[in-house]
Amino acid sequence: INNPMSSAGTQIEETLLTARAAAKTVIPTPSRIGFLGLGIMGQGMVMNLLRSGHEVTVWNRTALKCREFVKAGALKGNNPAEVIQNCDITFSCVADSTAVKDLVFGNSGVLQGITKGKCFVEMSTIDEETMQDVGEAIMARGGVFLESPVVGSRVPALEGQLVILAAGERKLYDDCFSCFEAIGKKSLYLGADVGQATRMKLIINMVMGSVVACLSEGMAMAEKVGLDQEDVAEVFSIGALSCPTIIHKSQAILNQKYDPHFPLVHQQKDLRLALLLGDKVEQPLYVAAAANELYKKARRLGYGDSDIAAVYRAASA
Ligand code: NA7
């Protein structure tokens, strides 16, 4: 009944349908684009690259996830090295630092495909040291490197409304113009210093994780003191706290709908990484540290693959 392959297939078909609904005019670069990682974020980004007329070669660890994208016009690479060899600019968006290291330094990995002038753009949210190691390794082989984590979750990825944060080689940032146009509503170049974009992304996600954790505690307390959670959500939606995160996550809590827009396990990773960054620069992070504990508890309760709104389960346990 619970065949993960067939459920992956259904989710991807839904992704394709939603992505088709978005419309944008982009003049695609003639460069051949590679994309490694067809998770929640990669799926939306690749569809928007294809829709805007880019030539895209995809690869994913679980190869089955490539199928719908090939049907939609993508080419398929057999491994990361082959994608790099066949493309001019290759993007990567995978789970975490371990995944990035496997992908870049592993057998038939990115590094093996890098030759002089090959361009690699790392979009995953990882620790700055790994990002810098990857950048140095790419450049040591004559490649060109840009880090570009993105702000936004499943729906902004599908609708081409991400915010792209970039640092590294300026020319590569410029060469990515049509790709960033296709996947995002805004891109920012934060300088040549690789790590700056990651730092910005971690701060944004640290604040978001703390906000959603606090919302969960508020909703849990509302129930304990006999308030109707629907009333609380309504007051949020009309007051000064009315913003997409509070509105969508309070609705998710009300409806107990935790299908992943932003997997909880990734939110906890980002809090953990933000805490490490705070440690380095002696910045106290009391609120984020407490929020991190709540997400850890939610993971322990089995909600790692659910949406971050499931942190409510830990708050209300
Ligand atoms: P998902 O939906 O959890 O997808 C994770 C992706 O990472 C998916 O394509 C995985 O492949 C891939 N992955 C995980 N581990 C590995 C290893 N070891 N090697 C290669 N590929 C791997 O994440 P999102 O799309 O929501 O997020 C991606 C990033 O953007 C993340 O850093 C977020 O914080 C922001 P699979 O399909 O499981 O074979």
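The values are calculated or read from the model by the stated rules, or taken from the named source; none is laboratory data. All of these numbers come straight from a predicted model, not from anything done at the bench. All Cβ positions, even for glycine, are placed from backbone atoms using ideal geometry, and neighbour counts span all protein chains on display. Keep in mind that these areas ignore ligands, DNA and RNA; they rest on the heavy atoms of the full protein, side chains included. Shrake-Rupley method; radii C 1.70, N 1.55, O 1.52, S 1.80 Å.
List of remarks:
- Which listed residue, of Ala233, Ala213, Ala240, Ala197, is among the aliphatic types (A, V, I, L, M) and in contact with an Asp or Glu (Cβ under 8 Å, 6 or more places away or on another chain): Ala197
- Residue in region 75-88 that is open to solvent by less than 30 Å² (accessible area, probe 1.4 Å), outside any strand (DSSP E or B) and near the ligand (Cβ under 9 Å from one of its atoms) present: yes
- Complete set of residues in region 37-72 that are assigned to a loop (DSSP other than H, G, I, E, B), open to solvent by 50 Å² or more (accessible area, probe 1.4 Å) and near the ligand (Cβ under 9 Å from one of its atoms): Arg61
- Among the residues listed as Ile1, Ile27, Ile33, the single one being open to solvent by 50 Å² or more (accessible area, probe 1.4 Å), among the β-branched types (Val, Ile, Thr) and modelled with pLDDT of 95 or more: Ile27
- Residue match in region 260-271 (condition: more than 20 Å from Ala197 (Cα to Cα), of a type in the set (Val, Ile, Thr), modelled with pLDDT of 95 or more and within 16 Å of the ligand (Cβ to nearest atom)): yes
- Filter result for Ile247 (in a helix (DSSP H, G or I), within 16 Å of the ligand (Cβ to nearest atom) and of a type in the set (A, V, I, L, M, F, W, C)): no
- Taking first residues from region 141-157 that are in contact (Cβ under 8 Å) with a residue 40 or more places away in the chain and near the ligand (Cβ under 8 Å from one of its atoms) and partners that are of a type in the set (Phe, Trp, Tyr) and open to solvent by 10 Å² or more (accessible area, probe 1.4 Å), the Cβ contacts under 6 Å between residues at least 6 apart in sequence or on separate chains come to Ser153/Phe262.
- Candidates Ile164, Ile126 - the one that is touching a Ser or Thr at 6+ places or on another chain (Cβ under 7 Å) and assigned to a loop (DSSP other than H, G, I, E, B): Ile126
- The requirement of being more than 9 Å from the ligand (Cβ to nearest atom), at pLDDT 95 or above and within 16 Å of Glu147 (Cα to Cα) is not satisfied by Asp96.
- Qualifying residue in region 278-293 (condition: buried (at least 22 other Cβ atoms within 10 Å of the Cβ), closer than 27 Å to Gly44 by Cα and touching a residue at least 24 places away in the same chain (Cβ under 8 Å)): no
- For region 272-300, filtered to residues that are away from the ligand (no atom under 16 Å from the Cβ) and among the basic types (Lys, Arg), the residue that is farthest from Asp228 (Cα to Cα) is Lys280.
- Restricting region 306-317 to residues that are closer than 12 Å to Gln267 by Cβ and not small (Gly, Ala, Ser), the residue that is surrounded by the most Cβ atoms within 10 Å (Cβ to Cβ): Val311
- Residues in region 212-229 that are open to solvent by 40 Å² or more (accessible area, probe 1.4 Å), closer than 28 Å to His266 by Cα and more than 30 Å from the chain's Cα centre (by Cα): 2 in all.
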